[in-house]
1. Along its three principal axes, how long is segment 137-189 when you only count alpha carbons? Whole Å, largest extent first please.
2. By the scheme Lys and Arg +1, Asp and Glu -1, what is the net charge of all other residues having a beta-carbon under 13 Å from that of LEU146?
3. Excluding LEU82 itself, calculate the net charge of residues whose Cβ lies under 13 Å from the Cβ of LEU82, where each Lys or Arg counts +1 and each Asp or Glu counts -1.
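What follows is calculated from the coordinates using simple rules that are stated; it is not laboratory data. Since this is a predicted model, take the numbers as computed values, not measurements. Note that we place each Cβ from the backbone using ideal geometry, even for glycine, and neighbour counts take in every protein chain shown.
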Amino acid sequence: MLRLLPSYIALILIAAFGSAATAYAQSPSTAETDSILFIIPSPENGIAQQARVTRESTLGHFTWGADLGSSVDLTGNDMTSLDIHGCFGYKGPGVRLAGIGAGINSMMNNASRCYPVYAILRTSFTREPQLCFLDLRLGVSFNNILNYKSQTDFYGTIGAGITLAKGKKFSSHIIVSYNFMPIRPFKVYQTDDTPGRPSEDFEDTPASPSTTVSRISFPDLHFAAIRIGCSF
């Protein structure tokens, strides 16, 4: 019996060690359990996130676009033109566009060109999405009319637009407008090269050419325009 005592003691120690190991493995600190991971952002991460949102919000207020259309001359001076315009600026609640624009109006039946530069406003007067909107443009136009000297004068348009399609970052529209461009009288310089009379000129040499100035009136330009365009 005494000979078997060490074996009994060893078995008891092994069983006790196994029980302790099993209890430790199943303790809450080591047992496998289903869990949900919560991430609490640090103040630095919160500031970075806020800065990113602010930057994206600021970029979301920028818009640009282009229009292609034609202006029909209402004065009968054969000044109907093909128009290409571009613009960019701010957009926000109730304001589709507030910015600046420029364009080229190329007359179809003569060599005249007009280059308007203007401030532009498109608004539907409400924060809610609307199908129709006002298009207003005021500025100056650099006019090259026929063969006369270039001049700079007022440029203004007022029109109504209709949204054709609209997405998250894109919209298309059509605009019908009235355009007005006043034209000041042109100065025309004419040179008279007729030789002077012999009694007045030494050895029949021609007299110095004389220059006369005349003013040619050109009617103000009134147009009815239609344009189709898109904004981003």
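1. Cα extents, longest axis first: 57, 17, 17 Å.
2. Spelling it out: positives minus negatives among the neighbours equals +1.
3. In short, -1.
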